[in-house]
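The values are calculated or read from the model by the stated rules, or taken from the named source; none is laboratory data. Please read these numbers as outputs of a predicted model, since none were measured by experiment. So basically every Cβ, Gly included, is an ideal-geometry build from the backbone, and we count neighbours across all protein chains shown.
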Amino acid sequence: MCGIAGIIHRDGPGEVGSELTAMLQSMKHRGPDSTGLALYGAPGEALVLRVKLADPNEERDIEWTERLETSLEELERRLSKIGAGMDSVTRATDYAVRATVRYDGELKALVDYLEDIPGCEVLSIGHSLEIVKDLGDAETVGRQYGLAGFRGTHGIGHVRMATESDVDIAGAHPYWAYPFGDVAVVHNGQLTNYHQWRRRLERRGHRFASECDSEIIAVYLADELERGTSLETAMKQSLDDLDGVFTYVVVTSDSLGMAKDEMAAKPLVLFESDSLVALASEEVAIRAVLGREIDTYDPYEREVMVWSL
């Protein structure tokens, strides 16, 4: 079933970490298996990397610990070797790492080089984007990663109920648009022409870290943005190109957007004021942030909406 949410502060940074955590926790019934958030803080010159170095489902024995330490050392060595000046490398958990680096080369070369490390998966990269995702409900993940202290302008989130794949971080949303920084997507639904678009995008040189159709949407949109298409136009175009029943939410460094397919079967409601836009699969998630009765809007079929900072 799954649940999606998004929020954007249009008059300055807000407590997006705690806000999205509360929104997602209110929809725990829609997906208790994993929780993920794409958060946008103040952009800086340094790139922020969020990296997973091991599978938390594996047995935590001595061999697992030794392999993790080796992977962390190799991560730091490779960042240095490829010319990424490291500002910091810290552990968010025993298997998840956050690094800030200064790097002027191609993101694809950097990510490919790091993901050659056994067990390494780059969850996100960007000057303002940070993707945090892990097993458990939103309160568990939020506490584990200290999200209550994250201030930013906008973000999206997802709670997942695993129905066709394993309960693991690899299957958790959001997905960033490899190799494009600062673009991420969450979605509820299913693409029926997933394989067609995957082959088409692979022929354009893109690669995918998962079998999830949400990743297709992210790369599709980022590829269009790279070619000079506006976000709104790319999203409208996606409704013709992508088949299925779906609602998705996309974020870039300065925008939040939503789109519904022509059947509009997957729910999404939104609240909009001069300073704040909040949207989610259920109204209860928006109330979790605003704490009062609100008037919400249910977008129509084939509707695309974009809000910018």
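Structural remarks
- Some residue of segment 267-275 being under 12 Å from I217 (Cα atoms) and at pLDDT 95 or above: no
- Here the condition is being more than 24 Å from L123 (Cα to Cα), β-branched (V, I, T), in the same structural domain as Y178 (by TED's automatic domain parsing) and at pLDDT below 95; of I294, I286, it holds for I294 alone.
- Strands (runs of 3 or more DSSP E) wholly inside segment 123-222 containing at least 2 residues that are surrounded by fewer than 24 Cβ atoms within 10 Å (Cβ to Cβ): 129-135, 184-191
- Some residue of segment 160-168 being modelled with pLDDT under 95 and in contact with a strand residue (DSSP E or B) (Cβ under 7 Å, 6 or more places away or on another chain): yes
- Segment 251-309 - residue that is of a type in the set (K, R) and surrounded by fewer than 20 Cβ atoms within 10 Å (Cβ to Cβ) and, of those, nearest to G181 (Cα to Cα): R302
- Residue within segment 134-141 that is in contact with a Phe, Trp or Tyr (Cβ under 9 Å, 6 or more places away or on another chain), among the aliphatic types (A, V, I, L, M) and either in contact (Cβ under 8 Å) with a residue 24 or more places away in the chain or not assigned by TED's automatic domain parsing to the domain that holds R207 (or both) present: no
- Scanning segment 97-153 for residues that are among the β-branched types (V, I, T) and farther than 22 Å from E226 by Cα yields V97, T100, V101, I117, V132, T140, V141, T153.
- Scanning segment 241-265 for residues that are on the phi > 0 side of the Ramachandran plot and in a loop (DSSP other than H, G, I, E, B) yields a total of 1.
- All positions within segment 94-114 that are farther than 26 Å from G205 by Cα, of a type outside the set (A, V, I, L, M) and crowded, with 16+ Cβ neighbours inside 10 Å: Y95, R98, T100
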